1. Can you pull the Rg over Rh of region 57-146, Cα-only, Kirkwood?
2. Where does the chain land at 222 nm, in deg cm²/dmol rounded to the nearest 500, when only DSSP H runs of n ≥ 4 count, each adding -39500 (n - 2.57), divided by all residues?
3. How many nm is it between the label spots at VAL1 and GLU250, if each spot is 7 Å from the Cα in line with the beta carbon?
4. Treating the beta-carbon of each Lys and Arg as +1 and of each Asp and Glu as -1, no other charges, what is the dipole magnitude of region 140-264 about its Cα centre, to the nearest 20 debye?
5. What value in Å³ per residue do you get for the convex hull of the alpha-carbon atoms in the chain?
6. Treating only the Cβ atoms of Lys and Arg (+1) and Asp and Glu (-1) as charged, compute the dipole magnitude of the chain about its Cα centre; round to the nearest 20 debye.
7. Write down the Å³ per residue value for the convex hull defined by the alpha carbon atoms of region 87-196.
8. Residue farthest toward the positive end of the dipole of region 49-188, with Cβ of Lys/Arg at +1 and Asp/Glu at -1: which of ALA159, TYR72, ILE138?
Amino acid sequence: VPEGHTLHRLARHLGAALVGHAVSASSPQGRFVDGAARIDGRTVARVSAYGKHLLVGFDGIAETLHVHLGLYGTFIGGALPAPPVRGALRLRLTTEEQWWDLRGPTACELLDPEAVARLLARLGPDPLARRPDGAAAIERLRRSRTPIGQALMDQAVVAGIGNVYRAELLFRHGVDPHRPAREVPAETLEAMWADLVRLMRAGVRAGRIVTTRPEHRSRRGTPRRDDAHYVYRRTGEPCRVCGEPVRTAELAARNVYWCATCQS
Ligand SMILES: [Zn+2]
């Protein structure tokens, strides 16, 4: 499931591949035919990510391509020749060297500048922004009565967190996901924000989420998949720190995982 680090990493790769290049655009699936026609042949001017949103600007038109991958979307590419078109291919972009295929997004649309401004205004601070605004995020959390595990998933509070970072961040700071956000001490929120920025930047570099400290892993070296997380998807398995079984419950429409002993 793509979280903010995936989108920022994608923006870097897309930017390196597309900026300054003219793209051929098509929508083989047929659901973005007009939009693809509008950008076909244009030169990509910029690619950026904000939270889980990807924005692509083009020379010569005011509109921006907005992509949100949602839970199941993918946007992958490679060197030409492109693979045969099959399945629900929403958008294919090709340059003289590369192909990029977008499948299954929850949003693929052209937005005018006002709509882009509205989209960005709805989003909270992004930990992966060049100058992340932690004070604003903490202020929003301190005003919130909702459980911290729910508030963290609200993209208007923090943009880019998904289910893995939520569960792992709360574990690393010993915070019960069900505790009202405004009851979490300010110094804990500040430490959480700094940690989140670090973890997400590491996620961009590695292309995966690793939250465990070396002393809590079963093996040395590059962490294996089953050593990467403290609680996420470890229901019933022993906590890496105290040995109690990891619990799960639904919160903000997604399963949250936590240790009732370490996070009380
Ligand atoms: Zn524990």
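Each value in this text was obtained by applying a stated rule to the coordinates, not by laboratory testing. None of the values given here were measured: they were computed from a predicted structure. We place every Cβ from the backbone using ideal geometry, glycine too, and count neighbours over all the protein chains shown.
1. Ratio of gyration radius to Kirkwood radius: 1.09.
2. -8500 deg cm²/dmol
3. According to this spin-label approximation, the distance is 1.3 nm.
4. Approximately 400 debye in magnitude.
5. 138 Å³
6. The dipole of the chain has a size of about 640 debye.
7. Values: hull volume 17.2 nm³, N = 110.
It comes to 156 Å³ per residue, whole-number rounded.
8. ILE138
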